[in-house]
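The values are calculated or read from the model by the stated rules, or taken from the named source; none is laboratory data. Remember, predicted model here, so these are calculated numbers, not experimental data. Reconstructed Cβ throughout: ideal geometry from the backbone, glycine too, with neighbour counts over all protein chains shown. Accessible surface areas use protein heavy atoms only, side chains included; no ligands, DNA or RNA. Shrake-Rupley method; radii C 1.70, N 1.55, O 1.52, S 1.80 Å.
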Amino acid sequence: MRIDVHGHYFPRDYIQVATAAYARPANSVEEGVHRILQTKVGVDPKMYDIDARLEDMARAGVDLMVLSVSIPQTYHADRATAVAMAQAANDGTAEACRRYPDRFKGYVHLPLPHVDAALDELARGIDQLGLHGVAIGGNVLQQPLDTPAFAPVFDEINRRHLALFIHPMAPCGIEAMQEYDLAAAVGYLLDTCLAALRLVYSGTCERCPNLQPILCHAGGYLPFQWDRIDTSFRTRPEARRHIARPPSEYL
């Protein structure tokens, strides 16, 4: 059985809410989100038409796809906007799974950085909508995943033994990646590396041993820096502040 765990699907209601939320970009990150919605997501039927996705799956020989949205994820500084985005994404994903239960599963999307709302939506997505794991960005509006305020989210994912699909967001340093599509070419892979290593170095993986992380894009640059990462652990005291074993063991 061929399972694609990295299948982006943008329900129409989600596109509508997200487009309105980022209609007037306030900074370079929001400008990138606005551009993606206008030039990639909103103009390609394969991104929002679930039947068109089935045609692609047939051509590629994919039996089952796990659905998720991508940038901008369901994140917004305004709580009500973030909740509306998360609910639209989750409701639309769940509907696709109900229509084709043998072909699609779906991740829950969370209205971060609002942790209490994220915990409520996590429970709704799993317990009521019947979704099958959690999708989270490599950063949350430029806040790293090991930000202490986000700890309850990882604790709850750990308690439920859920798959955790980590997908990159607009990376730090995005200002230097506005030209030449550098963010997509190299920046997203960096974001995945930083997200994974921060969860390791902060002790989150040690505290939450039941996390089942999936790093997309083949783990970014991590496979190519394996030895260098462990060398840093052996030689730099700050790398050993919260963990006792080499990072490669957690990775």
**Percent RCO, i.e. relative contact order, over region 93-238, from Cα pairs under 8 Å lying at least 6 residues apart** = 21 percent
**Item:** DSSP-defined antiparallel bridges as percent of all bridges, the chain, nearest 5
**Value:** 10 percent
**Prompt:** Calculated from DSSP H runs of 4 or more alone, at -39500 (n - 2.57) each and per residue, what is the 222 nm mean residue ellipticity of the chain, nearest 500?
**Reply:** -12000 deg cm²/dmol
**Message:** Over the chain, with the other protein chains present, what is the accessible area per residue in square angstrom, probe 1.4 angstrom?
**Reply:** 47 Å²
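Evaluated at 10 °C with a viscosity of 1.306 mPa s, what Stokes-Einstein diffusion coefficient in µm²/s does the chain have when Rh comes from the Kirkwood expression over alpha-carbon pairs?
On the way: Rh = 18.6 Å.
Answer from the Stokes-Einstein relation: 85 µm²/s.
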**Request:** On the protein heavy atoms, probe 1.4 angstrom, tell me the percent of accessible surface of region 133-251 carried by carbon and sulfur.
**Result:** 56 percent
**Message:** Which of TYR14, TYR180, TYR48 ends up with the largest GNM mean-square fluctuation for the chain, with Cα atoms connected below 10 Å?
**Reply:** TYR180
**Request:** Quick one: accessible surface of ASP120, probe radius 1.4 Å, all protein chains present, in square angstrom to the nearest 10.
**Result:** 100 Å²
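Treat every Asp and Glu Cβ in the chain as -1 and every Lys and Arg Cβ as +1, leave all other atoms uncharged, and give the resulting dipole magnitude about the Cα centre to the nearest 20 debye. Don't skip to the end; give the middle numbers.
Values: 24 positive and 30 negative charges, 95 e Å.
The calculated dipole for the chain is roughly 460 debye.
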**Prompt:** Which percent of Cα-Cα pairs in region 75-207 sits in each 10 Å bin, short to long?
**Reply:** 12, 39, 34, 13, 1
**Complete:** In order over region 124-140: 3J(HN,Hα) from phi, Karplus 6.51/-1.76/1.60, θ = phi - 60°, whole Hz, x for each Gly or Pro, gives 5, x, 7, 7, 9, 8, x, 6, 10, x, 10, 9, 9, x, x, 8, 10
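Let me know the volume per residue of the alpha-carbon convex hull for region 160-251, in Å³. Intermediate values should be presented prior to the final figure.
On the way: hull volume 9.5 nm³, N = 92.
Cα convex hull per residue, to the nearest whole number: 103 Å³.
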